[in-house]
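Report on the structure given below.
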Amino acid sequence: MTNYVATIVRELEHAAELLPEGACDRLADAILNADAIFVAGAGRSGLMMKAFAMRLMHLGLRAHVVGETVTPGISPGDLLVMGSGSGETRSLLGMLEKAHALQATVAGLTIRQQSTLGSRADLVVLLPASPKDQSSGADLTIQPMGSLFEQMLLILLDAVILRIMEMQAQNSGTMYGKHANLE
């Protein structure tokens, strides 16, 4: 078991070295310039996006998860951050078009620049990972399906949170006051 863990950590280190320079800064700037931030993803990617929305809320930002019953409408000046390894998740592409029609900005986090999300988002961050279909054999990971993408998505988004904390002179103590307290 420890061999698998060590291999996964090495894969993450390698993928982190391949992240585009300035990706955290560009996304952090877009978030701080937005009136409200909406996040969307499907499956496990969606779970990573929900974790990101929680941290944005802890920072005191107006963050919403698309599809939740209490999520308001998106407007001009808002930012939709979408995570999709393939960049072709059908449910997300409808959101992309709707957000653009409503004059919101879209940030896409994906593996593929040539995907619909990669080519139509206003801001694109390419994550180095393997697609879910790894039948080609030329993949970065031993892990199944989209695990490396989902892990890199969470790590990149946590790095963006750290960058925003730094930009706003916040720390875990200032964020903790916004932590859920009805649990």
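Quick note: the coordinates plus some simple rules give every number you see, no bench work behind them. It should be emphasised that the depicted structure is a prediction, and the values quoted were computed from it without experimental measurement. Don't worry about glycine lacking a Cβ; one is built from the backbone with ideal geometry, like all the others, and counts go over all protein chains shown.
Averaging Cα coordinates gives a centre for segment 151-172 and one for segment 7-32; these two points are 11 Å apart.
Positive-end ranking of Met95, Ser45, Leu162 along the dipole of segment 2-169, with charges on Cβ about the Cα centre, is headed by Met95.
Rounded to the nearest whole Hz, the Karplus-based 3J(HN,Hα) values (6.51 cos²θ - 1.76 cosθ + 1.60, θ = phi - 60°) of segment 34-40 follow the sequence 8, 6, 8, 10, 10, 10, 8, with x at glycine and proline. Structural descriptor for the chain: relative contact order 25 percent, calculated from alpha carbon pairs under 8 angstrom and at least 6 residues apart.
For a modelled paramagnetic label at Ala16, 7 Å from Cα along Cα-to-Cβ, the residues of segment 152-183 in reach, with backbone nitrogen under 15 Å, are 152-163. By the combined test of axial Cα extent (at least 15 Å) and Kyte-Doolittle hydropathy (mean at least -0.5), the qualifying DSSP H helices of the chain come to 2-17, 43-58, 90-101, 147-167. Helical content alone sets the calculated 222 nm signal of the chain at -14500 deg cm²/dmol, taking -39,500 (n - 2.57) per DSSP H segment of four or more residues and averaging over every residue.
From most to least packed by mean Cβ count within 10 Å, the peptides 41-48, 11-18 give 41-48, 11-18. In a simple Cβ point-charge model (Lys, Arg +1; Asp, Glu -1; nothing else charged), segment 38-167 has a dipole of about 120 debye relative to its Cα centre.
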